[in-house]
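A quick write-up on the structure given underneath.
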Amino acid sequence: MQPLVIIIGPTAVGKSSLGVELALRLGGEIISGDSVQVYRKLNIGSAKPTAAEQKGIPHHLIDLLEPQELFTAATFQSLAQGLITTIRSRDKVPIVVGGTGLYIRSIIDGFSFPQEGSARIKNRWLAYAKAYGSQELYSRLMECDQISAEKLHPNDSARIIRALEVFEITGKPLSGQRSYKEKDYPDLDKSIFYIGLTAPREIIYKRIDQRCDVMVEYGIVEEVNALLKQGYSPKVKSLQSIGYRHVVQYLKGIVTREEMLRLFKRDTRRFAKRQLTWFSRDPRIKWYDITKNEFDLIIDEISDNIANTCRVI
């Protein structure tokens, strides 16, 4: 059987580059496990690999949706599983690259999610939020699913509406329907190679700060301004992601450019910390510290492990 390679780690650690180089070595194709790169027109702020950086390797689940469309872990799971089967049928190696922990667990551990919502119900809640505000919407969720509400920010209207949808459709709270256990780590099939990239915290934070500076230099402000001029609401889920929401605040005059960049860096560092916390619990990950291992040697070791293991399978 063809191997399945998973590459995870905090933002700015070099996952995309490793994925491409491994794909070149193994004859692979990339499946993006990123929750923002899936959107068209969100290029700079999502650190979407350019055509040059992709080096001719097919990349899937990038530029798939318009910015206003909703993309869930359940949608990712369904699409990614189909892609893994298709890529393997071509005798290619599927390589999943991303830092969204729930997405990764959904495909290697078979998590199941509540049924899809209703467009009619969703639109009704959207109208409710517009009429009464996000705080009142949040209060409605607190009434029927306090556990889910306490895990969400009151301004995270997309996820609040999703939880309200599920409750209305099923009569049961979303918090009681997720049939997966985040703290259980069953053994993986030997064909799955679960790779993690890491580095000392101060190195990751320095790389993050540099990346944020580069994003501003290369035009994330202009990217967001163009999206708003095209009529996209700043409240759509994609524009509430890190970087994009900070630029929206700057363009609205809520914060200065300097404060926008400071908050952008701070919140990206906090996100990286949450990523590391999530992944550090999983004992199945084979970790590589990028400050202690040369990039080419990491590729050599992973390639050799795959070749030796799959020869036996």
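The values are calculated or read from the model by the stated rules, or taken from the named source; none is laboratory data. Computed from a prediction, not measured in an experiment: that's the story for all the values here. Please note: Cβ atoms are built from the backbone with ideal geometry, for glycine as well, and neighbour counts cover all protein chains shown.
A few points about this structure:
Each row is one residue, and each column tells you yes or no for (1) free of Cβ contacts under 8 Å to residues at least 60 places away in the same chain; (2) over 28 Å from Asn225 (Cβ atoms); (3) not polar (S, T, N, Q).
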position: Val13; (1), (2), (3): no, yes, yes
position: Ser17; (1), (2), (3): no, yes, no
position: Leu22; (1), (2), (3): no, yes, yes
position: Glu29; (1), (2), (3): no, yes, yes
position: Val38; (1), (2), (3): yes, no, yes
position: Leu42; (1), (2), (3): no, no, yes
position: Ala47; (1), (2), (3): no, no, yes
position: Ala51; (1), (2), (3): yes, no, yes
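- Scanning the range 40-60 turns up no residue that is within 28 Å of Lys183 (Cα to Cα) and assigned by TED's automatic domain parsing to the domain that holds Arg284.
- Lys265 vs. criteria in contact (Cβ under 8 Å) with a residue 40 or more places away in the chain, out of contact with any Gly (no Cβ under 8 Å at 6 or more places or on another chain), part of a helix (DSSP H, G or I) and under 19 Å from Asn43 (Cα atoms): yes
- Residue in the range 270-285 that is surrounded by 12 or more Cβ atoms within 10 Å (Cβ to Cβ), among the small types (Gly, Ala, Ser), within 17 Å of the chain's Cα centre (by Cα) and part of a loop (DSSP other than H, G, I, E, B) present: no
- Qualifying residue in the range 168-176 (condition: exposed (fewer than 15 other Cβ atoms within 10 Å of the Cβ), out of contact with any strand residue (DSSP E or B) (no Cβ under 8 Å at 6 or more places or on another chain), closer than 14 Å to Thr72 by Cα and modelled with pLDDT under 90): no
- Of all the numbered requirements in (1) crowded, with 21+ Cβ neighbours inside 10 Å; (2) in contact with a Leu (Cβ under 8 Å, 6 or more places away or on another chain); (3) of a type outside the set (S, T, N, Q), Pro234 misses one, and that requirement is (1).
- With respect to the conditions (1) within 14 Å of Pro67 (Cα to Cα); (2) in contact with a Pro (Cβ under 7 Å, 6 or more places away or on another chain), Lys237 lacks only one, and its number is (2).
- Hey, Ser46 under 14 Å from the mean Cα position of the chain (by Cα), at pLDDT 90 or above, part of a helix (DSSP H, G or I) and of a type in the set (Gly, Ala, Ser) or not: no
- Matching residues, the range 18-35, being closer than 30 Å to Tyr232 by Cα, out of contact with any Gly (no Cβ under 7 Å at 6 or more places or on another chain) and part of a loop (DSSP other than H, G, I, E, B): Ser35
Residue-by-condition table, conditions (1) in the same structural domain as Tyr288 (by TED's automatic domain parsing); (2) modelled with pLDDT under 90:
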| residue | (1), (2) |
| --- | --- |
| Glu143 | no, no |
| Ser157 | no, yes |
| Arg162 | no, yes |
| Lys181 | no, yes |
| Asp184 | no, yes |
| Gln210 | yes, no |
| Met215 | yes, no |
| Ile220 | yes, no |
| Ala226 | yes, no |
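- For Phe193: the one exception among (1) exposed (fewer than 15 other Cβ atoms within 10 Å of the Cβ); (2) under 22 Å from the mean Cα position of the chain (by Cα): (1)
- Across the range 286-313, the number of residues qualifying as loosely packed, with under 14 Cβ neighbours inside 10 Å, under 16 Å from Val97 (Cα atoms) and β-branched (Val, Ile, Thr) comes to 0.
Okay, residues lined up against (1) in contact with a strand residue (DSSP E or B) (Cβ under 6 Å, 6 or more places away or on another chain); (2) β-branched (Val, Ile, Thr); (3) not in a loop (DSSP other than H, G, I, E, B):
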site: Asp63; (1), (2), (3): no, no, no
site: Phe76; (1), (2), (3): no, no, yes
site: Gln81; (1), (2), (3): no, no, yes
site: Pro94; (1), (2), (3): yes, no, yes
site: Ile107; (1), (2), (3): no, yes, yes
site: Trp125; (1), (2), (3): no, no, yes
site: Met142; (1), (2), (3): no, no, yes
site: Leu152; (1), (2), (3): no, no, no
site: Ile160; (1), (2), (3): no, yes, yes
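- Residue within the range 78-101 that is modelled with pLDDT under 90 and in the same structural domain as Ile220 (by TED's automatic domain parsing) present: no
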